[in-house]
Amino acid sequence: MDAVLDVFLDIFTQPAVIVALIALIGLAAQSKSFSDVLKGTVRTLVGFLVLAAGAGVVVGALDPFGQMFQAAFDVQGVVPNNEAIVAQALLEYGSAAALIFFFGMIVNIALAATTRFKYIYLSGHVAFYIAAMFAVILAVAGFEPWAVVLWGSIAQGIYMVVSPALVQPFMRKVTGSDDVALGHTGGAGIALSGLVARLTRGKGTSKSTEDLNFPKGLGFLRDTTVIVALSMAVIYVVVGIFAGAGYIETELSGGQNFIVFLLLQAATFSAGVFIILAGVRVVLAEIVPAFKGISEKLVKNAKPALDVPIVFTFAPNAVLIGFVASFVGGIVGMIGMVAMGTTIIIPGVVGHFMTGAASGVIGNAAGGRRGAVLGAFANGVAITFLPLFLLPVLGDMGLANATFSDADYGVFGLLLGGFSAVGGQVAIMVGIVASLVALYVVSFALKRRDARRAAAAPAADEAEPVSV
């Protein structure tokens with residue numbers, strides 16, 4: 001059994017494999033030629049691997065930055081890092097997490113087929129991470145192993161359609177269509193950024209981050225690769241000066257001059273962003289047409305919910321602005337924790353980049369430059385305090401020096417943990433069933449609303465139904 005689970009995890013926790021399989025099924029369902037199916041599948045696989053490689057480059061460049069930040073400001077505490085906390089969770093709950101992940105995908109497809117929430121969650125790695133969190137919370141609540149898998153799978157399936165739905169109203173503004181959704185565990189924080197941007201935007205047309213006017217002599221700053229590299233160079237050097245040349249050259253750079261090391265790390269970060277953007281373009285070009293086959297054959301009007309880098313190409317300037325604003329929000333939240341005397345959540349640089357960048361793009365679409373800054377800042381504060389609130393519901397896992405980093409872990413984890421605190425296992429089961437019923441009630445209400453609108457509108461001007 002363990003060997004089967006290992007093979008399963010090796011295949012289906014790889015988002016590139018999942019997306020490539022979806023492309024293959026979608027193209028085959030459209031009766032495309034063997035050549036087109038093969039080309040589309042391979043290009044999707046390679047595109048996602050390019051995207052993942054770019055993310056790896058970015059993470060590698062951010063790792064020394066995080067170490068410098070802690071050394072510079074002498075901050076110790078809990079570090080939000082999904083990979084670290086999941087690695088600990090799998091030691092005890094690995095089998096349950098794998099089964100929740102597998103059956104949760106089946107529930108996801110069933111819900112997408114039978115409700116108005118037409119999202120197929122394709123970010124397999126983060127879906128597996130949240131499955132691990134559900135396994136921990138349900139086990140801490142005292143459920144038997146089979147019940148952990150049963151209720152965890154239903155919760156997982158509900159999560160996989162609700163999280164993209166929260167962000168989709170803002171994704172439509174970003175992409176200009178309803179073809180692609182966002183599937184990431186930062187969904188709640190990213191949706192919050194869109195809401196904050198909408199509430200704080202000024203009157204009239206909001207200026208976009210992509211319309212920044214540079215003097216003629218600074219025209220080179222219109223190049224996204226250049227502006228990301230230069231901006232990150234300033235950030236790295238400032239933090240590096242506080243950390244000290246001695247620390248950097250002995251602990252991080254292997255003796256290389258600290259200024260040279262920092263500038264190369266900034267350039268490497270920019271290179272990673274460049275690679276991500278190239279991968280995203282390939283994936284979007286292949287997966288959206290291929291997904292029409294899934295929509296036609298399996299789930300009508302299905303939308304692929306893809307990882308956060310999928311939005312980066314729509315507003316590259318907002319990516320950097322969002323990252324910086326989110327990280328500042330994390331620092332403000334950390335200072336607040338120091339003042340309150342609570343456990344300190346250290347800003348996780350990777351989490352702030354991935355979700356902060358997406359928050360900047362979403363905020364820019366909803367409220368222009370102001371929205372990009374304030375929306376991403378709100379996300380940064382949220383992903384600082386939510387991990388703090390989540391710690392008590394994780395049992396012994398909450399005593400570790402790492403925790404889950406993104407907003408969805410806090411929101412959905414606290415919901416399950418809150419049910420448990422109120423009424424134990426019974427409350428959790430009632431809460432999950434009530435959530436399931438609510439999905440169908442909302443779907444029915446939306447269907448009735450669209451039917452009324454269709455009946456009221458002239459046939460010639462009949463509009464497309466507004467999806468959730």
At 7 Å along Cα-to-Cβ for each site, give me the label-to-label distance between residue 110 and residue 251 in nm. 5.1 nm
Can you give the log10 of the normalised intensity I(q)/I(0) at q = 0.12, 0.13, 0.20 Å⁻¹, computed with Debye over equal Cα scatterers of segment 301-422? -0.47, -0.55, -1.04
From the phi of every residue in segment 247-259, what ³J(HN,Hα) in whole Hz does the Karplus formula 6.51 cos²θ - 1.76 cosθ + 1.60 yield, where θ is phi - 60° and glycine or proline is x? 4, 5, 6, 8, 9, 10, 9, x, x, 5, 3, 5, 5
Packing rank of 322-329, 408-415, where each peptide gets the mean count of other beta carbons within 10 Å, highest leading: 322-329, 408-415
Taking 8 Å as the Cα distance limit and 6 or more residues as the minimum spacing, I'd like the relative contact order of the chain as a percentage. 25 percent
With θ set to phi - 60°, apply the Karplus curve 6.51 cos²θ - 1.76 cosθ + 1.60 along segment 407-422 and write out the HN-Hα couplings as whole Hz, x wherever there is a Gly or Pro. 5, 5, 4, x, 5, 6, x, 5, 4, 5, x, x, 4, 5, 5, 6
In debye to the nearest 20, how big a dipole does segment 114-261 give about its Cα centre with +1 on each Lys and Arg Cβ and -1 on each Asp and Glu Cβ? 780 debye
Relative contact order for segment 113-216, counting Cα pairs under 8 Å that sit 6 or more residues apart, in percent: 27 percent
Residue-level accessible surface for residue 144, protein heavy atoms, 1.4 Å, Å²: 110 Å²
Whole number in Å², please: accessible area per residue of the chain, 1.4 Å probe, ligands, DNA and RNA not counted. 42 Å²
Over segment 71-208, volume per residue of the alpha carbon convex hull, in Å³: 164 Å³
Toy charge model, Lys and Arg Cβ at +1, Asp and Glu Cβ at -1: the chain dipole around Cα centroid in debye, rounded to 20, equals 1920 debye
Projecting the Cα atoms of 167, 413, 333 onto the charge dipole of the chain, where Lys and Arg contribute +1 and Asp and Glu -1 at Cβ, the residue farthest towards the positive end is 167
Round to the nearest 0.05 the FRET efficiency obtained for residue 449 and residue 210 when R0 = 45 Å and r is the Cβ-Cβ distance. 0.85
Net charge dipole size for segment 292-429 [Lys, Arg +1 and Asp, Glu -1 on Cβ; Debye, nearest 20]: 500 debye
How much of the accessible area of the chain, in percent, comes from carbon and sulfur atoms when a 1.4 Å probe is used? 66 percent
Given backbone amide H placed at 1.01 Å from N, residues whose amide H is under 5 Å from that of residue 303, ignoring those fewer than 5 places away on the same chain, are 119, 120
Which three extents, in angstrom, do the Cα atoms of the chain have along their principal axes, listed largest first? 65, 57, 49
Cα centroids of segment 343-391 and segment 177-191: how far apart, whole angstrom? 14 Å
Using helices alone, I'd like the mean residue ellipticity at 222 nm for the chain: each DSSP H run of four-plus residues gives -39500 (n - 2.57), total over residue count, nearest 500. -26000 deg cm²/dmol
The ³J(HN,Hα) series, computed from each phi in segment 335-351 with the Karplus coefficients 6.51, -1.76 and 1.60 at θ = phi - 60°, rounded to the nearest Hz and given as x for glycine or proline, is 4, x, 5, 4, 5, 7, x, 8, 4, 9, 9, 6, x, x, 4, 5, x
Computed lengthening from residue 426 to residue 260, 0.36 nm per intervening residue step minus Cα-Cα distance: 53.9 nm
Which one, 154, 184, 114, is farthest towards the positive end of the dipole of the chain when Lys and Arg carry +1 and Asp and Glu -1 on their Cβ? 114
Cα-based radius of gyration of segment 12-56 once divided by 2.2 N^0.38 Å, which approximates compact folds: 1.18
Computed FRET value (nearest 0.05) for residue 147 with residue 242, which takes r as the C-beta separation and R₀ as 35 Å: 0.10
Efficiency of FRET from Cβ geometry, residue 83 and residue 338, R₀ 22 Å, rounded to 0.05: 0.25
Counting only pairs 8 or more places apart or on different chains, how many lysine pairs in the chain have C-alpha atoms closer than 24 Å? 27
Which length gain, in nm to one decimal place, applies between residue 435 and residue 268 when the Cα-Cα distance is subtracted from 0.36 nm times their residue separation? 55.7 nm
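The values are calculated or read from the model by the stated rules, or taken from the named source; none is laboratory data. Worth saying up front: this structure is predicted, and the values here are computed from it rather than measured. Please note: Cβ atoms are built from the backbone with ideal geometry, for glycine as well, and neighbour counts cover all protein chains shown. Surface accessibility is based on the protein's heavy atoms, side chains included, excluding ligands, DNA and RNA. Shrake-Rupley method; radii C 1.70, N 1.55, O 1.52, S 1.80 Å.
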